[in-house]
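The block underneath contains the structure these notes are about, expressed in structure tokens.
The values are calculated or read from the model by the stated rules, or taken from the named source; none is laboratory data. These figures come from a predicted structure and were not determined experimentally. Virtual Cβ from ideal backbone geometry, glycine too; neighbours counted across all protein chains shown. Surface accessibility is based on the protein's heavy atoms, side chains included, excluding ligands, DNA and RNA. Shrake-Rupley method; radii C 1.70, N 1.55, O 1.52, S 1.80 Å.
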Amino acid sequence: MKSAVKAQQAEDSAETGAQQIRDAIREAIVERRLSPGTKLSESEVGNLFNVSRTLARAALQALSYEGLVSVEKNRGAFVAYPSPDEARQIFAARRLVEPGILREAATRITPADISQLRQLLLEEGRLMSEPGQTARRAEIKASGDFHLMLAEISGNAIMQRFMEELVARSSLVIALYGQSTASSCGHSEHGDIIAAIETDDLDRACQLMLHHIAHIEADLDLRERKSLGLKEAFEL
């Protein structure tokens, strides 16, 4: 009996460890500290988090199921490099999902939730005015946290997890295809969405959310590019 309990405790501990690694790598992707195509070797991940390669492999495999990591035979794991078509699909999914999350959140939202959302916007605004890459990464995270908090308020844990994946995959796409240095999520648009929720104008809130997602996507350069030969590349 004791051995069975110990085995279960060891299994639970391993699962928790893999999840912590997965969450840490996902956050680094969201903040764009890890760029698309970055190699993630099991040994390096294991050493970094002081865990076995088996546990590191489990975390990377979990991230591959979310589309954040690509595992290639005989080459290893890499931060995913989404194609233009995948990028379009990610934002199409957000347009389908986020208005529904917003409506569900609006039925449950409390004055404390509104206060917390506005506090998040204040922090986002403060970071926008600060120079340097550290502030920029923190701003990107705060921007994504706005969408994740709405999912949390909705009370649907499955949808919240799905939004974590969509926000992370959006960050990969923005890192690859974004054209401007502006925030990946319009700060003022977040404020407009909160104001519409406060006045119980959910149709307007949903329209603003769709406009907001379209605004993010419009900043991406998803044009297909013809591959050049070596000689052609250097003749440009």
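See the values below:
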read-out: Which numbered condition Ala142 misses (of (1) in contact (Cβ under 8 Å) with a residue 24 or more places away in the chain; (2) of a type outside the set (S, T, N, Q); (3) surrounded by 17 or more Cβ atoms within 10 Å (Cβ to Cβ); (4) touching an Asp or Glu at 6+ places or on another chain (Cβ under 8 Å)); value: (1)
read-out: Single residue of Leu176, Leu172 found to be modelled with pLDDT under 95, out of contact with any helix residue (DSSP H, G or I) (no Cβ under 7 Å at 6 or more places or on another chain) and at negative phi; value: Leu176
read-out: Tally, over segment 65-88, of residues that are loosely packed, with under 14 Cβ neighbours inside 10 Å and among the polar types (S, T, N, Q); value: 2
read-out: Test: residue in segment 164-176 that is crowded, with 20+ Cβ neighbours inside 10 Å, within 19 Å of Ile101 (Cα to Cα) and among the small types (Gly, Ala, Ser); value: yes
read-out: In segment 21-57, the residues that are under 14 Å from Ala77 (Cα atoms), open to solvent by 40 Å² or more (accessible area, probe 1.4 Å) and of a type in the set (Ser, Thr, Tyr); value: Ser35, Thr38, Ser43, Thr54
read-out: Some residue of segment 36-46 being without any contact (Cβ under 8 Å) to a residue 12 or more places away in the chain and in contact with a helix residue (DSSP H, G or I) (Cβ under 7 Å, 6 or more places away or on another chain); value: yes
read-out: Top-ranked residue of segment 46-87 - restricted to ones that are within 15 Å of the chain's Cα centre (by Cα) and not hydrophobic (A, V, I, L, M, F, W, C), ranked as nearest to Ser35 (Cα to Cα); value: Tyr81
read-out: Scope segment 25-35; condition free of Cβ contacts under 8 Å to residues at least 60 places away in the same chain and in contact with a helix residue (DSSP H, G or I) (Cβ under 8 Å, 6 or more places away or on another chain); matching residues; value: Ile25, Leu34
read-out: Tabulated pairs, segment 67-96, first within 18 Å of Ala218 (Cβ to Cβ), second part of a strand (DSSP E or B) and modelled with pLDDT under 95, C-beta under 7 angstrom, 6+ apart or interchain; value: Ala87/Leu220
read-out: In segment 109-139, residue least open to solvent (accessible area, probe 1.4 Å) [restricted to those that are free of Cβ contacts under 8 Å to residues at least 12 places away in the same chain and among the hydrophobic types (A, V, I, L, M, F, W, C)]; value: Ala135
read-out: Qualifying residue in segment 149-159 (condition: in contact with a strand residue (DSSP E or B) (Cβ under 7 Å, 6 or more places away or on another chain), at pLDDT 80 or above, open to solvent by 40 Å² or more (accessible area, probe 1.4 Å) and of a type in the set (Asp, Glu)); value: no
